[in-house]
1. Among the listed residues ALA318, ALA296, ALA284, ALA264, identify the single one that is of a type in the set (A, V, I, L, M, F, W, C), more than 24 Å from ALA398 (Cα to Cα) and modelled with pLDDT of 95 or more.
2. Scan GLY449, GLY463 and give me the residue that is free of Cβ contacts under 8 Å to residues at least 24 places away in the same chain and not basic (Lys, Arg).
3. Looking for something in contact with a Ser or Thr (Cβ under 7 Å, 6 or more places away or on another chain) and free of Cβ contacts under 8 Å to residues at least 60 places away in the same chain - is there at least one such residue anywhere in the range 342-363?
4. Looking at ASP114, ASP67, which is the one that is of a type outside the set (S, T, N, Q) and in contact with a helix residue (DSSP H, G or I) (Cβ under 6 Å, 6 or more places away or on another chain)?
5. Regarding SER97, is this residue of a type in the set (S, T, N, Q), closer than 19 Å to ARG415 by Cα and either in contact with a helix residue (DSSP H, G or I) (Cβ under 8 Å, 6 or more places away or on another chain) or surrounded by 18 or more Cβ atoms within 10 Å (Cβ to Cβ) (or both)?
6. Of all residues in the range 316-356, count the ones that are open to solvent by 30 Å² or more (accessible area, probe 1.4 Å) and either outside any helix (DSSP H, G or I) or under 19 Å from ASP278 (Cα atoms) (or both).
7. With the condition kept exactly as written, say whether any residue in the range 238-257 is buried (at least 22 other Cβ atoms within 10 Å of the Cβ), farther than 27 Å from MET344 by Cα and within 21 Å of the chain's Cα centre (by Cα).
8. Does at least one position in the range 191-205 carry a residue that is touching a residue at least 60 places away in the same chain (Cβ under 8 Å), over 29 Å from TRP256 (Cβ atoms) and among the β-branched types (Val, Ile, Thr)?
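The values are calculated or read from the model by the stated rules, or taken from the named source; none is laboratory data. It should be emphasised that the depicted structure is a prediction, and the values quoted were computed from it without experimental measurement. Cβ: placed from backbone, ideal geometry, glycine included. Neighbour counts: every protein chain shown. Each accessible area value is taken on the protein alone, full model and side chains, heavy atoms only, with ligands, DNA and RNA left out. Shrake-Rupley method; radii C 1.70, N 1.55, O 1.52, S 1.80 Å.
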Amino acid sequence: MTDCDILIRGGTIVDGSGAPRTRGDVAIEGERIVAVGSAQGYQAVRTIDADGLVVAPGFIDVHTHDDQAVLSGPDMTPKISQGVTSVVVGNCGISLSPLTLDRDPPPPMNLLGDRGCFRFPRMQDYAEALAAQPPALNVAMLVGHSTLRAGVMDSLDRPASEQEIGRMGERLDEALEAGAVGLSTGLAYPTAQAAPTSEVAALARRLMPHRGLYVTHMRDEGDHIIESIEETLEIGRQAGVRVVISHHKCSGARNWGRSTETLAVIEKARQEMPVDLDCYPYIAGSTVLLPEMVDASERVLITWSESHPDRVGKDLGAIAAEWNCTAIEAAERLLPAGAIYFSMHEDDLRRIMAFRDTMIGSDGLPHDTRPHPRLWGTFPRVLGHYSRELGLLSLEEAVRRMTGVTASVFGLAGRGALRAGAFADVVVFDPERVIDRADFENPMQPAAGIEHVLVNGTAVWSGGRWSGERPGQLLKRGG
């Protein structure tokens, strides 16, 4: 007999490649998988009975704002409770490092925390903090363009000078050397709206020697969405790097249905360059409260407000009626604040999710007082609602979009797969019960049907609770 630490017996194996499911075992020794299929001849310290359950690679949340959460809430219950074993932080142009602040962070950087959270002058400092206090799951880091701007510019409402671009580039180089997997932008936000294409392309060119990614919250996801996609593609071409379009959507009622146009442009571009995208399984988005976004939304819910915390969870329209003012005036009075915006159409969401190789990311905001339910429910919602109930994706394909595709795009070697030699990031779930339970009324509810979660061969979630273990690692491209 061969000894191993954990043996998952008799489950339905969905290995992350898209291959048809099979029945079998998974043997784990240390932080690696040593056998998949038949584990006959293995005896284990611990055996997990997976009869009637699916055994899959742990889910990779490709789009998060968990930069501070992995340090201050290392259990990461909102994520491990839905089967997530790795998160990509630093999205939408905002990352905690490389930056220190002696003032309040400008929106949307305050989504990550207050000025005290921005205490890492180098990405290496952030990486060392993670190593000293590891979270329950793995972390891959992006460098935020707005963070770079805030670190070298006295004003963010203008283009950066050549000298400032050079200083930003030096910080980006250090971050990439420290293990960051790419550069992210949030060109729709006030912190980066003034940055011309040339500024972003100059920084993106620094990515090629490191095989880094350019990941973008585009300049516009509404009326000018095609122009924004073209700008994104142009940056990728000039820099010679892979492009990822974040949380792809068609926002605002007059843009509903335009996903047929956007996906056609993306598909054509994919014939000549590497272009990828992610989405979340909801028709409402969430970010800081920006008065200019109010009119494009069917409904706005307040997720936090420093000036009027008693209005958290309230509908902006109802607040405006109570205050006898317009919705935009009410939004201005609530600042600084956060909001959920109902601005998308279900048909576009389904079309984007079904598009070839679309990855899944939660875009959850862990520091909101009353967060969007995607923070707790994204992955089980895809599995339960969109795969099992609607049949939009097969189970095998849904798992592939959450695991194998993401690991390949982000270069996370040994992740996103159930095979011998891979890291033992594993989720065991009930395919008939898995579903999101978080909703807009009660957004912080663990999902149903997630039975066991392992990170690097260590159990972090079982029996509906965190195990207390924190085996997470920093993930770098290629290893």
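1. Details: ALA296 fails: modelled with pLDDT of 95 or more; ALA284 fails: more than 24 Å from ALA398 (Cα to Cα); ALA264 fails: more than 24 Å from ALA398 (Cα to Cα).
Just one listed residue meets the conditions, ALA318.
2. Values: GLY449 fails: free of Cβ contacts under 8 Å to residues at least 24 places away in the same chain.
After applying the criteria, what remains is GLY463.
3. yes
4. Values: ASP114 fails: in contact with a helix residue (DSSP H, G or I) (Cβ under 6 Å, 6 or more places away or on another chain).
It is ASP67.
5. Numbers: of a type in the set (S, T, N, Q): yes; closer than 19 Å to ARG415 by Cα: no; either in contact with a helix residue (DSSP H, G or I) (Cβ under 8 Å, 6 or more places away or on another chain) or surrounded by 18 or more Cβ atoms within 10 Å (Cβ to Cβ) (or both): yes.
So SER97 does not fit the description; no.
6. Here is the first cut: in the range 316-356, the ones open to solvent by 30 Å² or more (accessible area, probe 1.4 Å) are 317-318, 321-329, 332-333, 335-336, 342, 345-347, 350-351, 354, 356.
In the following step, the residues that additionally are either outside any helix (DSSP H, G or I) or under 19 Å from ASP278 (Cα atoms) (or both) were identified as 324-326, 335-336, 342, 345-347, 350-351, 354, 356.
Number satisfying all stated conditions: 13.
7. Within the range 238-257, one or more residues are buried (at least 22 other Cβ atoms within 10 Å of the Cβ), farther than 27 Å from MET344 by Cα and within 21 Å of the chain's Cα centre (by Cα).
8. As a first pass, look at the range 191-205 and keep what is touching a residue at least 60 places away in the same chain (Cβ under 8 Å): 191-192.
Narrowing further to those that are over 29 Å from TRP256 (Cβ atoms): none.
Checked against the condition, which is being touching a residue at least 60 places away in the same chain (Cβ under 8 Å), over 29 Å from TRP256 (Cβ atoms) and among the β-branched types (Val, Ile, Thr), the range 191-205 yields no hits at all.
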